[in-house]
Amino acid sequence: MISLLLIITLCSSTAIAEDGSSFSLTDLLNRRTTPEPKWTGKYFPTPPMTQSTPAPFVQHGGVPMGALNPNCDDGKTNLSVDWNSSPWDYTCLFPSKLIIPDINIQPILDIENVPKEYSAVHYCMNETIVYQNPVPTFGPHRPAWPRYGEYSFVPVQRWLHTLEHGGVVMLYHPCAHPLEVERLKRIVRACLFRHVITPNAHLKADRPLALLTWGNRLTMSAINVDVVKDFIKQNALHGPEKISRDGQYDAGLIREAKIVSDTEDTDLCPPPSLKELSFYW
């Protein structure tokens, strides 16, 4: 897997490479620095251009999404397999030492090269899912995806499915400054219906705020409205599955997502919706 780290300036939607050159965020998101590698994983059993007959493609490892089944995944049974309800995941252990936003710490955009042939496997709740990166942007997950909105906590095994459907996931460290967290929440809620918001203690202290889409990760110390809007408008709805219907998992849901433009989010971050939030920046 190849990641491209790019530093985005806070004053505009431009990025600076290691050689000092700068380009627009749009150019960077469309830029591929290396050829796409041939995918030879288990989800592509027969290499392309071979004479043998390809094995039939079985989507998601044969486990259908959204088909609620207590023997596999109904969004309610055996939830402790993914999360043991530890308060460490959503509580700031040192509330007197909140992480202060620093405008001198530039955002980082991490673009992961997801092979076109990749099909994320759905695992039932009798199996554990472990990730090499604690904040992944793609990978295997559970069949039942979260309802859109804000949660006290959602395990990664659930919100990865949101990314697959083209949604945006907002993560924040439990000790991130609450005013900065609230600013980002308001922008996300005003931009699209298809979002999930949850704390995540795996974010680093220097950049305790993050936005994720399928294959993309933006981490920040302080919020720049234009950078956040550009990231959402250029990366939301680009998951491999174009599914807008709400999910079935709702453990810990504290605020349901509201329709912004329509159920398909055809108008991302519409000006009238964001204009109402101008007081906050």
inquiry  = Take the conditions hydrophobic (A, V, I, L, M, F, W, C) and touching a Leu at 6+ places or on another chain (Cβ under 6 Å) and apply them to Leu98. Does it pass?
reply    = no
request  = Output the number of the condition that Leu237 fails; it satisfies all remaining conditions of (1) in contact with a helix residue (DSSP H, G or I) (Cβ under 9 Å, 6 or more places away or on another chain); (2) under 18 Å from Leu268 (Cα atoms).
outcome  = (1)
ask   = Do the conditions hold for Ala144, that is, is it surrounded by 22 or more Cβ atoms within 10 Å (Cβ to Cβ) and either over 22 Å from Gln248 (Cα atoms) or without any contact (Cβ under 8 Å) to a residue 24 or more places away in the chain (or both)?
value = no
ask   = When you look at Arg255, is it out of contact with any Phe, Trp or Tyr (no Cβ under 9 Å at 6 or more places or on another chain) and part of a strand (DSSP E or B), yes or no?
value = no
request  = Evaluate the following for Glu182: is it touching a helix residue (DSSP H, G or I) at 6+ places or on another chain (Cβ under 8 Å), open to solvent by 40 Å² or more (accessible area, probe 1.4 Å) and either closer than 19 Å to Val154 by Cβ or small (Gly, Ala, Ser) (or both)?
outcome  = yes
query = Among all residue pairs at least 6 apart or on different chains, which show Cβ distances below 8 Å where the first residue, located in region 109-132, is at positive phi and the second is open to solvent by 30 Å² or more (accessible area, probe 1.4 Å) and in a loop (DSSP other than H, G, I, E, B)?
reply = none
ask   = Within region 90-107, can you find the residues that are surrounded by 19 or more Cβ atoms within 10 Å (Cβ to Cβ) and aliphatic (A, V, I, L, M)?
value = Ile99
inquiry  = Any residue in region 203-219 that is within 20 Å of Thr91 (Cβ to Cβ) sitting within a Cβ distance under 8 Å of a residue that is basic (Lys, Arg)? List the pairs, counting only those 6 or more apart or interchain.
reply    = Ala210/Arg217
ask   = How about region 153-175: which of its residues are among the hydroxyl-bearing types (Ser, Thr, Tyr) and either in contact with a helix residue (DSSP H, G or I) (Cβ under 8 Å, 6 or more places away or on another chain) or surrounded by fewer than 24 Cβ atoms within 10 Å (Cβ to Cβ) (or both)?
value = Tyr172
ask   = Got at least one residue in region 245-252 being within 15 Å of the chain's Cα centre (by Cα), at pLDDT 95 or above and buried (at least 18 other Cβ atoms within 10 Å of the Cβ)?
value = no
message = Quick check on my filter: what residues within region 181-200 are in contact with a Pro (Cβ under 6 Å, 6 or more places away or on another chain) and among the hydrophobic types (A, V, I, L, M, F, W, C)?
response = Val196
request  = Could you tell me whether Glu150 is out of contact with any strand residue (DSSP E or B) (no Cβ under 6 Å at 6 or more places or on another chain), of a type in the set (Asp, Glu), open to solvent by 10 Å² or more (accessible area, probe 1.4 Å) and not in a helix (DSSP H, G or I)?
outcome  = no
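The values are calculated or read from the model by the stated rules, or taken from the named source; none is laboratory data. Quantities reported herein were computed from a predicted structural model and do not represent experimental measurements. Every residue, glycine among them, receives a Cβ derived from its backbone with ideal geometry; neighbour counts consider all protein chains shown. Just the protein is used for accessible areas: all its heavy atoms, side chains included, with ligands, DNA and RNA removed. Shrake-Rupley method; radii C 1.70, N 1.55, O 1.52, S 1.80 Å.
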